[in-house]
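The values are calculated or read from the model by the stated rules, or taken from the named source; none is laboratory data. Values in this document were obtained by computation on a predicted structure and should not be read as measured data. Neighbour counts are summed over all protein chains in view; Cβ atoms, including those assigned to glycine, are modelled from backbone coordinates with ideal geometry. Calculation scope for accessible area: heavy atoms of the full protein, side chains included, ligands and nucleic acids excluded. Shrake-Rupley method; radii C 1.70, N 1.55, O 1.52, S 1.80 Å.
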Amino acid sequence: MSSPRAHRAEATAWDAARALAERLGRATPLTAHRLPLDRALGHVLAEAVVALTDLPSFDTSAMDGWAVAGPGPWAVQEGEGLLAGRGPTAPLPDGHALRIATGARLPVDATAVIRSEHAHCDAAKKLLYAGREVIPGQDIRPRGQECRSGDELLPLGTVVTPPVLGLAAAAGYDALVAVPRPRVDVFVLGDELLAAGLPHDGLIRDALGPMLAPWIRALGAEVAEPRRLGDDAGALRRALVSSDADLILTTGGTAAGPVDHVHPVLAEIGADLLVDGVAVRPGHPMLLARLADGGPCLVGLPGNPLAAVSGLLTLAEPLLRGIAGRLAQDRYRAPVREEVHGHPHDTRLIPVIHREDNVVPLHYNGPAMLRGIAAADGLAVVPPGGVRSGTEVEILDLPWASASPWTEGCFT
């Protein structure tokens, strides 16, 4: 690295910075391991889930009612009927009916199931009558309806969600081969930050410490409790060289002020500075580095809160996605409801909220403000020069949807 006080190279374009971060992550994947289903939630599949059997593995009843064979009326067979979980039964003779429960195995030669509410049983004649036309195959879940043995159920890179766990269990899996969650350390820099209470005497509350940990968890990573290091170069150096995380996030200290220690410390420990400034507003002074000797990656976030969010989505999110083997989300565009002013030369990220078939830009979107992003469910990627109302722009989804439908009037 050159001297941290030397003139820096031109800032990296926003798209190029994101692509570089993801490539870096995919070049350093975590080793996959086999996880029991009860520990696999939130991990990413390192192997596709392939059906081990047909689903269903035998013909079953989709309803409580009567299994029938052939045309009616049907002679009613006596007994408790067919219950779920029981083994094979004798074939059902033509013209006969037998009670059956939802999920029970269908007897051989049964041609349909009649729902209880659609059937009438004449106890005296021991005959069953249908209240409506009976169509062969009705209310039967045939073997292999959902999949056949060998079908790919879930591709490589799928995030394990609760329904994924359910499908894997139904398909006979007890464990899944998955990539572990990336581990992240967060180091909060700045002597001016308060951990509690009201701002006073030039001191301000730390907004990033409380925000970053849950945000990183929402991105599928594990994060340690953020550590407050203040403006102490020695403490920062010790924290960096002792970290065993897959990714380190620092907040603040990425500019060239008298107490901005990130660049000097990275130079001192021989880190490889890959991105030193991105052509995006807010968040221009973000950086991406790789610590020496195969050490972890580091994303330096600006200290201003919304600028830090920009750095998180520009560099940290694609980097974590690459490390974890997550598939990239499909990029999409949406029209903005009103004109959005842009930066003359840089990309601009603006908090927005989805409304019907467009997005509404939110006010309070300055680098130090969180009021707009707190109401947002996405960020609009505004090209240099801005866009007119109705123009389609790329949207970066946030890991959650806005939970406050009343906010539009307060923030637009």
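Observations on the model:
- Phi angles across the stretch 241-251 convert, under the Karplus curve 6.51 cos²θ - 1.76 cosθ + 1.60 with θ = phi - 60°, into 3J(HN,Hα) values of 6, 9, 6, 10, 6, 7, 8, 10, 10, 10, 10 Hz, Gly and Pro given as x.
- Calculated Rg/Rh (Cα atoms, Kirkwood Rh) (choose from (i) 1.18; (ii) 0.99; (iii) 0.95), label: (i)
- Solvent-accessible surface (1.4 angstrom probe) belonging to Ser149, in square angstrom, nearest 10: 70
- For His96, the residues 5 or more places off, or on other chains, whose built amide H falls under 5 Å of its own are Ala69, Ala75.
- Accessible surface for Thr31 stands near 110 Å², nearest 10, in the context of the full protein assembly shown (1.4 Å probe).
- Heavy-atom SASA rank of Met211, Met63, Met286, Met369 (probe 1.4 Å, accessible area, largest first): Met369, Met63, Met211, Met286
- Within the accessible area of the chain (1.4 Å probe), percent carbon and sulfur: 53
- For Asp185, solvent-accessible area (1.4 Å; no DNA, RNA or ligand), Å²: 30
- Local electrostatic count at Asp397 - Lys and Arg +1, Asp and Glu -1, tallied over other residues with Cβ under 11 Å: -3
- Three-way shape label, the stretch 184-286, alpha-carbon gyration tensor, a/c 1.5: rounded
- Asp330, Asp191, reordered so the largest accessible area comes first (probe 1.4 Å): Asp330, Asp191
- Ranking Ile323, Leu349, Leu298 by how far each Cα lies toward the positive end of the dipole of the stretch 260-412 (charges on Cβ) leaves Leu349 at the top.
- Cα-based shape type of the stretch 9-56, given that a ≥ b ≥ c are square roots of the gyration tensor eigenvalues and the cut on a/c is 1.5: prolate
- Per residue accessible area in Å² of the chain, where ligands, DNA and RNA are left out and the probe is 1.4 Å: 48
- Antiparallel content of DSSP bridges confined to the chain, in %, to 5: 70
- Between the stretch 349-368 and the stretch 175-204, the alpha-carbon center distance in angstrom: 25
- Per residue, the chain reaches -4500 deg cm²/dmol at 222 nm when only DSSP H runs of four or more residues are counted, each adding -39500 (n - 2.57).
- When Tyr173, Tyr332 are compared by accessible area of protein heavy atoms, the largest-first order is Tyr332, Tyr173, using a 1.4 Å probe.
- Choice from Ala67, Ala32, Ala119 showing the highest fluctuation, given a GNM over the chain with Cα pairs closer than 10 Å: Ala119
- In this calculation the C-beta distance from Thr161 to Asp357 is compared with R0 = 41 Å, giving a FRET efficiency of 0.90.
- Dipole size of the chain about its Cα centre, with +1 on Lys/Arg Cβ and -1 on Asp/Glu Cβ: approximately 160 debye, rounded to the nearest 20.
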